[in-house]
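Written out below as C-alpha cells is the structure these notes cover.
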Amino acid sequence: MLKSPADTIVAIATAPGKGGVGIIRISGPEAHALATRIVGELPPIRYARHLSFRHPDSGETLDDGLCLAFAAPHSYTGEDIVELQGHGGPVVLDTLLQIVVALGARLARPGEFTERAFLNGRIDLAQAEAVADLIDAGSQAAAQAASRALQGAFSQRVDEITRALIELRMHIESALDFPEEEIDFLADTRIIEKNRRLREQLDTLMAETSQGVLLREGMRVAIVGQPNAGKSSLLNQLSGDERAIVTDIPGTTRDVLRAEIQIDGMPVHIIDTAGLRQSDDPIEQEGIRRAWLEIRAADAIMLMIDDRYGITEADEQTLAQLPTKPLIRIRNKIDLTGRSAGLDPEDQETIGISAKTGAGIRELRAMLQRIMGYQVSEGGQFIARRRHLDALRQAQQEVTAALQALDKWQAGELAAESLRRAQLALDEITGKFTADDLLGTIFSSFCIGK
Ligand SMILES: Nc1nc2c(ncn2[C@@H]2O[C@H](COP(=O)(O)OP(=O)(O)OP(=O)(O)O)[C@@H](O)[C@H]2O)c(=O)[nH]1
Ligand SMILES: [Mg+2]
C-alpha cells in the first residue's frame, strides 16, 4: 500500500470567481497549527465558530467567517483538516491562501485531497473516481449513480466477487497440497459449480457496469448524408437549439458541429458534418475529410436521406464506405412526402422523421437508446468507467480459463493461477493493486480543492 505524504496542503475548495462563501481547506499534520496562527484559537473539533481571520504578523483582520476543524483520522482525507469559510471574493481568498502557504503549507494538486483520502484508506479507488464523477455529473441520473458508487455500491459488488474468488482458490490450493486425493477432489462437481457461479456473477456485474459507463460517457452519434438532406436541421431539432446554420444551399455546413443531449439521463453527443459529395471547393473538401474522421470515431451513425429522392446512388456509395457500426437510416422531410413518422414496419433500421416539424423525433430518440442497449434501471445503478469494464473483462477471461482447466484437464495448478490473476484484475478496480501512473492519471483529472 502506498503511503500518504507527510506535508500539509492547502487549496481554495470553492469554485473560482465570486460567491457568497469561499472555503480554504488545509489538510495535513500542520493544518491545526497553521490555522491557529490565523484564527487565534481553533474551535473544538467538529464545532463551527465564527472568528476573525487575521494576518499572522500584522494582526490585521483580512476576513471573518466560520472556522471548522477535523482531527485525523476522522476527516475527508484522514488527516487533520481545517476549513476557513469566509467571503467568496477571489482577492480575499487568494490573500488567505498566500498566507497559509507562507506559513509552510504547499498548494494542493488537483484531486490531492481525494488522493489522500484514498491513500489513507478512507475510500477505495472506485469511490475516489465517483467523487469526480459526482462533481462532473451532467444529469440527475448520472449524479445519483455517482453518489451510489461513492457510497460503495459498486465496490461492494467487486469485493463480494473477490471474496468468492479467494475462497475458491484456497479450496483448490489446499487440494494441491494432498496430491493423492487431488484428482478426485478437482473432479468434484461442487468446485466446478462454484466456478460457474462466479462467472455468472461477473456477467451480471459487467452488464451493470457497462450501463454505468454509458451513463458517464454516453455515446457519439454522427449525422451523415448528402448536402441538403437536413442534417443540420436534425441537430437543431434534437438539441432544441438553433445551433447550426440551415439553408437550402447545398454545402452549408463545413465545420463539424456538436451538441450534447440527454436521453433518460444518458449523454448523447450528436455530431453534424458536412454533406458528402465531390467538391472542388477546398473548404468543403476539408469539411468532408473531417466528416469522415467523425464517422470513424462515432459509436453509431445516422444516415440522413431526403425522402423525396429516396436512397440515391450517392447514398449507396456512402453506405458502401461506412465502417461497420450501428446505423440508423433516417428518411427525412416526411412532411413533404407523406410517409408516416417513426419506425418503418418493414425495416427496423429505417425511421421516418421531419427535422422541420419534429415528427418522428421521439421515436428516433428511443431508437438511439435501444442501439446502445441503455436501460433505465429502477435505482441501484452506479456510475462506472471504461477501465472498470476492462478489468472485469480480464477477470472474466481468467475465470473462464480456470473453469476450463478444471473441467477439461483437472489442472488445479493452472486453475489456481488463473484465479489469482482474476483477483489482481479486480484489485485494480478498487485500487488494492494499482500502478502509480494510473493513480496520477485518475487524480489529475480532478478539480483543484477536491
Ligand atoms: N420541408 C422540410 N424541409 C426540411 C426538412 N429538413 C430540412 N429541410 C430543409 O432542407 C434544407 C437543407 O437543410 P439543412 O439542415 O441545412 O441540410 P444539411 O444536410 O445540413 O445540408 P448541408 O449542410 O448543406 O450538408 C433547408 O432549407 C431546410 O429548411 C424537413 O424535414 N422538411
Ligand atoms: Mg448542414
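The values are calculated or read from the model by the stated rules, or taken from the named source; none is laboratory data. In this text, all values refer to a predicted model and were calculated from it rather than measured experimentally. Using ideal geometry, Cβ is built from the backbone for each residue, glycine included, and neighbour counts are taken over all protein chains shown. These area figures cover heavy atoms from the full protein model, side chains too; ligands, DNA and RNA do not enter into them. Shrake-Rupley method; radii C 1.70, N 1.55, O 1.52, S 1.80 Å.
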Could you list, in sequence order, the residues of region 242-261 that are more than 19 Å from K333 (Cα to Cα) and either open to solvent by 60 Å² or more (accessible area, probe 1.4 Å) or within 11 Å of ligand 1 (Cβ to nearest atom) (or both)? R243, R254, D255, L257, R258, E260
For region 367-383: of the residues being outside any loop (DSSP other than H, G, I, E, B) and without any contact (Cβ under 8 Å) to a residue 40 or more places away in the chain, which is most open to solvent (accessible area, probe 1.4 Å)? R370
Within region 344-364, can you find the residues that are more than 14 Å from ligand 1 (Cβ to nearest atom) and at pLDDT 95 or above? T350, R362, E363
Counting just the residues of region 323-362 that are surrounded by fewer than 15 Cβ atoms within 10 Å (Cβ to Cβ), of a type outside the set (S, T, N, Q) and not in a strand (DSSP E or B), which one comes out nearest to the chain's Cα centre (by Cα)? K325
Tell me, yes or no, whether region 247-260 has at least one residue that is at pLDDT below 90, closer than 30 Å to L134 by Cα and of a type in the set (D, E). no
Enumerated helices (runs of 4 or more DSSP H) restricted to region 46-144, each holding at least 3 residues that are more than 30 Å from G218 (Cα to Cα) and open to solvent by 30 Å² or more (accessible area, probe 1.4 Å): 90-102
Some residue of region 222-239 being open to solvent by 30 Å² or more (accessible area, probe 1.4 Å) and among the charged types (D, E, K, R): no
Can you tell me which condition I271 does not meet? The list is (1) in contact (Cβ under 8 Å) with a residue 12 or more places away in the chain; (2) away from ligand 2 (no atom under 13 Å from the Cβ), and all the others hold. (2)
Right, A149: open to solvent by less than 10 Å² (accessible area, probe 1.4 Å), farther than 22 Å from A425 by Cα and either polar (S, T, N, Q) or assigned by TED's automatic domain parsing to the domain that holds A416 (or both) or not? no
